[in-house]
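Working notes for the structure below.
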Amino acid sequence: MNNSKPNHPSFNFQGKQFLIVDDDPIMRMVMKSMFRNWENTSIDMAIHGEQALEKLKHSYYDLIIMDLQMPVLNGYQAADAIRK
């Protein structure tokens, strides 16, 4: 039996830019607090997919965390538009 630890990738979010897209203000607050521990991390927020697409026209993000069920433009529609 092999007792060595599994090889998990190390995630380093330092210096990264995130876009959090969620219509729930509590979830936006929770997500923001999760990434607060990494230095030089930039966090931007959008409350629906249409707002996220507008932000993507003007900024680059290393990671987008998006709710799927939102008003105006849901996460599925926004992800499809981002891919195109």
Extension gain, residue 69 back to residue 44 (0.36 nm per residue minus Cα-Cα distance, nm): 7.1 nm
Tell me, what HN-Hα J-couplings in whole Hz come from the Karplus equation 6.51 cos²θ - 1.76 cosθ + 1.60 at θ = phi - 60° for each residue of segment 55-66, using x for Gly and Pro? 5, 5, 5, 10, 9, 9, 10, 6, 8, 10, 10, 10
Between residue 44 and residues 5 or more places away or on another chain, the pairs with built amide H atoms under 5 Å apart involve 18, 19, 20
How many nm is it between the label spots at residue 32 and residue 79, if each spot is 7 Å from the Cα in line with the beta carbon? 2.5
Nearest 20 debye, what's the magnitude of the dipole of the chain about its Cα centre given +1 on Lys and Arg Cβ and -1 on Asp and Glu Cβ? 300
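Given the DSSP H assignment, sum -39500 (n - 2.57) over each helix run of at least 4 residues in the chain and divide by its residue total; what's the result at 222 nm in deg cm²/dmol, nearest 500?
Roughly -10500 deg cm²/dmol at 222 nm, from the helical runs in the chain.
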J(HN,Hα) series, segment 16-30, from Karplus relation 6.51 cos²θ - 1.76 cosθ + 1.60, nearest Hz, glycine and proline x: 8, 10, 10, 10, 9, 10, 7, 7, 8, x, 5, 5, 4, 5, 4
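How much length would be gained if the chain were fully extended between residue 62 and residue 13, taking 0.36 nm per residue of separation minus their Cα-Cα distance, in nm to one decimal?
Roughly 16.7 nm would be gained on extension.
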Among (i) 15.4, 53; (ii) 11.7, 34; (iii) 16.0, 50, only one was calculated for this model; which label is it, if the read-out is Rg and Dmax of the Cα atoms in Å? (i)
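Since every read-out is calculated from the coordinates, none of them should be taken as a lab result. Here the structure is a predicted model, which is why all the values come from computation and not from measurement. FYI the Cβ positions are ideal-geometry reconstructions off the backbone, even for glycines, and counts take in every protein chain you see.
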